[in-house]
Amino acid sequence: LQIKAVTTVANLLIRFSLPLSAPALLVGCVEPAEHTSVIVFDVCEPTIIELPADATDAERRGVAGAIALWNEVSGPQLALSDVPGAAPVAAQTLSTETGAFVVPRDDQDRQKLHIGFREAAPLFFGLYRVDVGDILINRTIGDQRAREIVVAHEIGHAFGLPHIEGQSSLMNPGNTRVPPALHEIDRIQQHRGPCSTSSTTPAP
Ligand SMILES: [Zn+2]
């Protein structure tokens, strides 16, 4: 693993030269394309998930559900921003005084992952754009559990996970039912190192 550069947003987004081994699949999730450098979010640092104003209530609940699934295995590292009416998922980083999620002032420089929704063909579920560092989800997905899992899967790509086959995993291409598990954290930490390692000086 070669560190290309440490970059941007309080040095919390890390650029890796990361080989993505599996071929691109057109069904389910599109495997992130191979780039000379890709944006990887640090699973060990707090991440603010940003939603656009046009996200529906069902989409907001889907993202909140995906965040809760990841927090179950990673610790409370993920938080929503600007999501009125959603259930708290990481209360220690959120203000609920107004009934809306707000990014606290001291969180303004934290890494932020934007999740947008677009209408797309039914066989397309979602995409993590490795060069931009954001997620697109097909808003025609109608099943709430499937929406949560697809969002969680794309967050896995944002954490640097490629597709995996041959065992049941969140990162199976086309997965709509398997949630994040501890072995996803293990695979991330094989690249990143343990979470106690400073994110600004990742081990090579
Ligand atoms: Zn995928």
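What does the charge add up to near residue 58, with Lys and Arg as +1, Asp and Glu as -1, over the other residues with Cβ less than 11 Å from its Cβ? Let's see the in-between values first.
Working: positive: 60, 61, 139, 147; negative: 57, 59, 143, 148.
Combined, the nearby Lys, Arg, Asp and Glu give 0.
Would you tell me the accessible area of residue 47, worked out with a 1.4 angstrom probe on the heavy atoms of the protein chains, in Å² to the nearest 10?
Around 0 Å² of this residue is reachable by solvent.
The values are calculated or read from the model by the stated rules, or taken from the named source; none is laboratory data. Just so you know, these numbers come straight off a predicted model, no measurement behind them. With ideal geometry, Cβ positions are generated from the backbone for all residues, glycine too; neighbour counts draw on all protein chains shown. We work out accessible area using only protein heavy atoms, side chains counted, and drop any ligands, DNA or RNA first. Shrake-Rupley method; radii C 1.70, N 1.55, O 1.52, S 1.80 Å.
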